[in-house]
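Below is one structure, written out as structure tokens; comments come after it.
The values are calculated or read from the model by the stated rules, or taken from the named source; none is laboratory data. Keep in mind it's a predicted model, so treat the numbers as computed, not measured. A quick note on method: Cβ atoms are made from the backbone with ideal geometry, for glycine too, and the neighbour counts reach across all protein chains shown. The accessibility values were calculated without ligands, DNA or RNA, using every heavy atom of the protein model including side chains. Shrake-Rupley method; radii C 1.70, N 1.55, O 1.52, S 1.80 Å.
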Amino acid sequence: MGRIIRVAAVQAEPVWNNLQGAVDKTISIIQSAANEGANVIGFPEVWIPGFPWSIWSRGAVENTPYMNEYFKNSLERESPEMDRIRLAVKEAGMFCVLGYSERNRGSLYMAQTFIDENGDIIHHRRKMKPTHIERGYWGDGQGESIRPVANTSFGNIGALNCWEHLQPLLKYLEYSQDVEIHVASWPPIWDKQEGIEWADHMTAEMSTKICQTMAVEGTCFVLVCTQVMSEESKKKNNLEDFKFTQCPGGGFSMIFDAFGKPLVKALPSGEEGILYADVDLDLKRQAQQSLDVVGHYSRPDLLSLTVNATEARPVTRIQDNNNSH
């Protein structure tokens, strides 16, 4: 027996644009996972208050009322709502990576907060570069946001959002931090339908393959955590005429081992649930013996990564030494 950790990957529908309802559902899911003995749980990207697919289906002006509501129902990191979630994690005695739309003053960020078994926030990161149209609504991550991994009682746990899994240098930085369990947080994504034009790289199938590749490259266990959307939620999300959405659907949660092997049976794409697996973290070292991309299988004399972890600030005060009085 090695270091056995029970992990949980969430596949569920958000409580759309409803902060209090979203917090209640988050706590309920945490409690359910605790009852199943989970040590580590991962949530989807912007689980609170849900991924606003309307930014793809509507223009910015038409979408303004929806996004005003979205802003008001996004979660502040320091807030009574977060305190409730932290308490639930503490009572469950587990580690949680919570994905949410973070509201900070007049800005939104696509955040992941790492909460340990004591209910303490031990790491907080923001999506380094929101994808495509997302940049019109969320800001960039800075400084600490590029550090994907935290050292925890349950191993080295990392997390990225959605297409951050297509950022080769960011992934390489995570591999260098010896990640053992990785939480891959995603919105609801659907597969292509015949007769409907859509980019092949923006499908559930491709997103799953991207995560499986990360498990192999990083020799780490990967928890793919996804949202789903019900048919009755299409109108609420301004998606009545958005042909790409197939409801109920959008989910593609999975758990991969450090060799890239699927460990569980996938849920139907429109079904809510939690996937569980008991993983042996020592398997990582077995996989690394043949593939260690930041060790024996690297050539730092030829190729290396330079990291700037300094937070860029909008205001920097320079001391005027000539005006000492």
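Things worth noting here:
- Peptides ranked, highest mean first, by Cβ atoms within 10 Å: ranges 269-279, 237-247: 269-279, 237-247
- Most mobile of Pro14, Pro80, Pro130 in a GNM of the chain (Cα contacts under 10 Å): Pro80
- Mean projected area of the Cα convex hull of the chain, taken over all directions, amounts to 20.8 nm².
- Per residue accessible area in Å² of the chain, where ligands, DNA and RNA are left out and the probe is 1.4 Å: 46
- Largest first, the residues Thr208, Thr316, Thr213 sort by 1.4 Å accessible area into Thr316, Thr213, Thr208.
- Solvent exposure ordering (accessible area, 1.4 Å, most first) of His165, His132: His132, His165
- Residue of Arg299, Arg77, Arg285 that the Gaussian network model of the chain assigns the largest fluctuation, springs spanning Cα pairs under 10 Å: Arg299
- Using a cut-off of 19 Å between Cα atoms, the listed pairs Lys127/Lys234; Lys192/Lys236; Lys171/Lys284 include Lys127/Lys234; Lys192/Lys236 as exceeding that distance.
- Taking a ≥ b ≥ c as the square roots of the eigenvalues of the Cα gyration tensor, segment 1-156 is prolate, since a/c reaches 1.5 or more and a/b is larger than b/c.
- Descending by average beta-carbon neighbour count within 10 Å, the peptides 217-223, 28-34, 227-233 line up as 217-223, 227-233, 28-34, the highest first.
- Gained length - Glu78 relative to Arg317, 0.36 nm times residue gap less alpha-carbon distance: 83.4 nm
- Just the protein heavy atoms count here, and of the accessible area of segment 4-290 at 1.4 Å, carbon and sulfur take up 48 percent.
- Within segment 130-208, the GluC sites (Glu not before Pro) that combine a DSSP coil assignment with at most 12 other C-beta atoms in a 10 angstrom radius are Glu194, Glu197.
- Residue with peak Gaussian network fluctuation, the chain [Cα springs, cutoff 10 Å], from Ile133, Ile181, Ile55: Ile133
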